[in-house]
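Step one of this worksheet: look at the structure below.
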Amino acid sequence: MRIARLFAVPLLLALAGCTLNLPRVEGPDRNAIPTAWPWESLIYAARTADGHVFVVDLGWHGAADALEHGLARIGARPEEVTDVFLTHSHRDHVQGWTAVRQARFHMAQAEVPLFLGQVRHADLPSRVSAAAVGDPGPWSGEVAVRPFSRDTVFAFGADTVRAFLVPGHTAGSTAYLYRGVLLAGDAISRPYHTGYGPGMGIFTADRAAGRASLASLFERLRPYDVQWVCTAHGKCARPDERFIRKVLR
Ligand SMILES: [Zn+2]
């Protein structure tokens, strides 16, 4: 019992902790919505200048309720969401899909078979949870999937969502840049005990690929004004040189 607790507490702290700087990436038309405390799996919701409503990721336990309340803060309802952008398809980031099934689901081509349950995620926690409780869905044909296979720009009037491929944590991991906020998914993590770094090893399919992706990502981001970088678990930081050094260490 004592040994189990010894492992359980650090694991919980590693995964959890408070959100950091979320209010700094919010506004009247943008809202960061944590789900599944203490995981804080993030849904980022925005209404664009031309009135489209999109979300990045779909959270975990309680996602449907969180989505409804979080969207209300920007004057929107789940059925208004036209576009979903997935950083990746681990089950703690896709749970709310049933609430926005009318939307276009954008993701990297390499993530599609993982999202649709046609291929199992390679990391051990995903394999264990899939064996224990099955796939979270959706299944092929249940939502409109719009894959992309290179860095891609999505235009919404004067606003843009820029997608950057960062394979490693999963085969199709993607980071999205919107109005100076980079939503990096789990490609960047912030364990309680080490601070910012690449995706956490136990949950990551290919660590070497993940590290190479991040080095390339920061180079590809140079032309853009990136004000904040947020992990998929609700922690945001300024992407200064010190931050980048820590992530790439
Ligand atoms: Zn993940």
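Values in this text are rule-based calculations from the coordinates and carry no lab data. All of these numbers come straight from a predicted model, not from anything done at the bench. Neighbour counts run over all protein chains shown; Cβ positions are idealised from the backbone, glycine included.
Side notes on the structure shown:
- Dipole in debye (nearest 20) - the stretch 58-181, about Cα centre, beta carbon charges: Lys, Arg +1; Asp, Glu -1: 200
- Of the GluC sites (Glu not before Pro) in the stretch 136-241, those whose Cβ has at most 14 other Cβ within 10 Å and which sit in DSSP loop: Glu142
- Positive dipole terminus of the chain, leading residue within Phe105, Phe115, Val143 (C-beta point charges): Phe115
- Listed residue (Leu177, His233, Ser213) projecting farthest to the positive dipole end of the chain, Cβ model: Ser213
- Stretch gain in nm, segment Glu241-Leu124, where the contour uses 0.36 nm per residue and the Cα spacing is subtracted: 38.8 nm
- Computed [θ] at 222 nm, helices only, for the chain once each DSSP H run of length n ≥ 4 contributes -39500 (n - 2.57): -7000 deg cm²/dmol
- Contact order for the chain, expressed relative to its length and based on alpha carbon pairs under 8 Å spaced 6+ residues apart, stands at 18 percent.
- Shape call, the chain: gyration tensor on alpha carbons, a/c limit 1.5: rounded
- Cα-centred dipole magnitude for the chain, charges only on beta-carbon of K, R (+1) and D, E (-1), debye, nearest 20: 840
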